[in-house]
1. Quick one: what are the phi-derived ³J(HN,Hα) couplings along region A:104-115, Karplus 6.51/-1.76/1.60 with θ = phi - 60°, whole Hz, x for glycine and proline?
2. For a footprinting-style exposure proxy, rank A:His86, A:His145 by other Cβ within 10 Å, fewest first.
3. Pop the C-beta distance of A:Leu40 and A:Leu144 into the FRET formula with R0 = 45 Å and round what comes out to the nearest 0.05.
4. Hey, got the dipole for region A:22-143? About the Cα centre, +1 on K and R Cβ, -1 on D and E Cβ, debye to the nearest 20?
5. For region A:65-128, what does the convex hull of the Cα positions come to per residue, in cubic angstrom?
6. So what's the back-of-envelope 222 nm ellipticity for chain B, counting only DSSP H runs of four-plus at -39500 (n - 2.57) apiece and dividing by all residues, rounded to 500?
7. Could you work out how much longer the chain between A:Val118 and A:Ile48 gets when fully extended? Use 0.36 nm per residue separation minus the Cα distance between them, nm to one decimal.
8. Please report the net charge: other residues with Cβ closer than 13 Å to the Cβ of B:Gly93, K and R +1, D and E -1.
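Bear in mind that the values in this text are calculations on the coordinates, not laboratory data. Quantities reported herein were computed from a predicted structural model and do not represent experimental measurements. Cβ placement follows ideal geometry from the backbone for every residue including glycine, while neighbour counts extend to all protein chains displayed.
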Amino acid sequence: MLESKGRPNRLGLWGWLGGGRWGYERYLYTLHRLTGLGLLAYFLLHIIVTSSRAISPEAWKAAMDRVTGPLFTVGEYLVFAAFAFHAANGIRLVLIELGWAVGKPIEPVFPYRTSVDVQRPLAIGAMILAAIVMVLGGLDFFVLH
Amino acid sequence: MMRDAKLWTWHVLAGVVILVFLGLHMAIMHMDAILGIFNPAGGHPVDWGNVVERGKSVFFTVTYVILLGAALFHGLYGLRNILLELNPPDWLGKAIGIVLLLVGLGFFALGAWAAVAAHTLATSL
C-alpha cells in the first residue's frame, strides 16, 4: 500500500505571505494568522499587567499609569481592530468548517460556480462587519473620549 | 477520534466562547462611551471604582476564568499549529508542545489567581 509522507512545507513563512494566484480568502488566512499572533502576544502581557488588580489599588494605578499615553492608545486601538478582524473572520471560518456556507454539492458541468465563489459573499459580509466594529471602536477611542 | 482532531474541535469551540466573552469584554472596556455598560462607578472602565464593582461580581470572576482558559488554549494551540507547519523534527515538535503547555498552565495559574484574589479583595472593601 502506498503511504503518504506528506508534503514538506517548502515555502515556509513565505507560503503564508505570498498569496500567489490564490484568491482574496488567502489574504484573509494570512491576516487571520498575523492578527492571532499579535493578539496572543498582547494577551500574555495583558494577563501580567492586569494581575496587579489583585494586589492593591496603588498597584493597579501604578500599572495603569505605565500603560497610558497616546502611543498606548494607538496600540490598544490596533489590538481592538485585530480583535474585530479576527472575530469576524473567525465567524466565517466556523460557518465554513461546519459546512453551512459552502453551498450544496453540484455536478461540475461547465460553467459552474466553484465553492470559493459560493463563499465569497460571506467573506465580504464578514469584512463589512469587522469594518463597522472598527469604525465604532475608532469613534470610542479617538472621538468620544 | 484522533487526538489532533479532538484538539481542533476544542480549538473551534474555544473560539466561540472567546467570541462571546471577549466580545463582552471589548464592549465594556473599549466601547464604553457608546454603550456605557457595566461601569457603575462612572468615568473610565479601568478606574479603580469600576474594577472593584466588576471584581465583586461572581459572574465577572467566573467568566474571566473561562475566557482566560479558552483564550490561552485557542491562542497557544494556534501557535503550535503554525510552528508545526514549519516541519520541525519530531523531538522539536514534541518540545514545542510541552513548552506551550507549560506556558499555558503558568499563565492560567497567574490569571485565575488574579481573578479570584481580585474578587476576594473587592468583596472585602
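1. 7, x, 10, 5, x, 9, 5, x, 10, 8, 7, 4
2. If I rank by nearby Cβ atoms, fewest first, I get A:His145, A:His86.
3. Values: r = 29 Å, r/R0 = 0.64.
Computed FRET efficiency for A:Leu40 and A:Leu144 comes out at 0.95.
4. Details: 9 positive and 8 negative charges, 27 e Å.
That gives region A:22-143 a dipole magnitude of about 140 debye.
5. Numbers: hull volume 5.7 nm³, N = 64.
Taking only Cα atoms, region A:65-128 has a hull volume of 89 Å³ per residue.
6. Details: 5 runs with 103 residues, N = 125.
Computed mean residue ellipticity for chain B: -28500 deg cm²/dmol.
7. Values: separation 70, 0.36 × 70 = 25.20 nm, distance 4.35 nm.
Here the answer is 20.9 nm.
8. Working: positive: B:Arg80, B:Lys94; negative: B:Asp4, B:Glu85, B:Asp90.
So the surrounding residues net to -1.
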